[in-house]
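Please treat every number below as a calculation from the coordinates, not as lab data. Predicted model, so just to flag it, every value in this text is computed and none were measured.
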Amino acid sequence: MLPIPENVSDRFNIVLEKRAIHEPSRVYYGKWLRYFLDFCKKYSPPSDQSAQVRLFIEKLKSKKQSPQQCAQAAHAVSLFFESQPTKTHPQPAPVPAEPSQPIGLSEQPPKAYLIGGDVNASSGLVALG
């Protein structure tokens with residue numbers, strides 16, 4: 001089994017600290033991460049993270065790991081995913097070809113309302129007063 005790369009380990013440990021995982025448990029979380037990375041290298045699971053976790057936990061169950069161990073392993077893997085830099089960048093929303101207007105709104109400009117002031121006819125501004 002290969003050791004966890006240092007940059008991965010560093011980011012993972014930051015998340016463990018941020019999530020207040022106590023020091024004695026961190027050893028086990030590191031072990032589950034090592035097992036998970038080994039599992040991924042050996043079996044090449046799908047890229048979907050939930051499928052990776054599901055298949056990894058199924059493998060642990062086949063190795064007679066307890067439900068508590070499987071839960072801790074799943075938590076460790078979720079924290080590992082959290083520690084990874086985001087690979088996807090938000091894409092801007094597509095611009096519609098023609099401007100759309102919500103149903104029920106007219107094409108008239110909005111009406112000005114006088115709220116305790118005078119309308120300046122030349123600028124169209126409302127002077128409050």
Anything over 24 Å Cα to Cα? Flag those among K31/K63; K18/K41; K18/K61, in the order listed.
K18/K41; K18/K61
Using Cα centres only, tell me the gap between region 49-81 and region 1-34 in whole Å.
15 Å
Taking only the alpha carbons of region 6-83, what extent do you get along each of the three principal axes, in Å, biggest first?
29, 26, 18
